[in-house]
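The values are calculated or read from the model by the stated rules, or taken from the named source; none is laboratory data. Predicted model only: the values in this text are computed from it and were never measured. Cβ placement follows ideal geometry from the backbone for every residue including glycine, while neighbour counts extend to all protein chains displayed.
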Amino acid sequence: MAETEDEPHGELATRTLAMPKDTNPNGDIFGGWLMAEMDVAGGTTAEWRAKGRVATVAVEAMEFHRPVQVGDVVCCYTRVIRVGRTSMTVDVEAWVLRRRDKEYMVKVTEGIFTYVAIDEDGNTRPVPSG
């Protein structure tokens, strides 16, 4: 994972405004809040691909490159990078629109999320092809 990229990979899945209530004691946005936003974005993409319910089963390779500031617009971009029989892996990149800086769009975090397709009873089910 490289932080020097100039533009996001994947499709825009969510866009959220970082608010003061989401800060840590240092005044930056809490990493757990950002991870949850990324999980929502990845889960939304996985649900579309699975054509139904999914559950998060793993998060790996999280890298926090830069802090998120109050007032940043957090944009999560996603792309499915692997599909198995019942699970799929989604690459999630978090970028911010930071109007105060000279850098307009900044990559702040990226991670790999794994989801499993589930039925209405919570049991695993196959991911439909295509």
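When segment 81-127 is filtered for residues that are of a type in the set (Gly, Ala, Ser) and either out of contact with any Ser or Thr (no Cβ under 7 Å at 6 or more places or on another chain) or under 17 Å from TRP33 (Cβ atoms) (or both), the ones remaining, listed by number, are GLY84, ALA94, GLY111, GLY122. Taken together, ALA94, ALA61 contain a single residue that is among the small types (Gly, Ala, Ser), modelled with pLDDT of 95 or more, within 21 Å of PRO8 (Cα to Cα) and under 17 Å from the mean Cα position of the chain (by Cα), which is ALA94. A residue that is touching a strand residue (DSSP E or B) at 6+ places or on another chain (Cβ under 7 Å), in contact (Cβ under 8 Å) with a residue 24 or more places away in the chain, within 19 Å of GLU5 (Cβ to Cβ) and exposed (fewer than 12 other Cβ atoms within 10 Å of the Cβ) can be found somewhere in segment 46-65.
Pick from ALA55, ALA41: which is under 29 Å from THR124 (Cβ atoms) and in a helix (DSSP H, G or I)? Just a single option satisfies the conditions, and that option is ALA41. Filtered by the rule that a residue be in contact (Cβ under 8 Å) with a residue 60 or more places away in the chain, assigned to a loop (DSSP other than H, G, I, E, B) and within 14 Å of HIS65 (Cα to Cα), segment 9-35 gives no residues.
The number of residues in segment 77-129 that are of a type in the set (A, V, I, L, M), within 15 Å of ALA61 (Cα to Cα) and either touching a Phe, Trp or Tyr at 6+ places or on another chain (Cβ under 7 Å) or outside any strand (DSSP E or B) (or both) comes to 3.
Condition check ((1) hydroxyl-bearing (Ser, Thr, Tyr); (2) surrounded by 15 or more Cβ atoms within 10 Å (Cβ to Cβ); (3) on the phi > 0 side of the Ramachandran plot) across all residues:
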site: THR16; (1), (2), (3): yes, yes, no
site: LYS21; (1), (2), (3): no, no, no
site: GLY27; (1), (2), (3): no, no, yes
site: GLY31; (1), (2), (3): no, no, no
site: MET88; (1), (2), (3): no, yes, no
site: VAL96; (1), (2), (3): no, yes, no
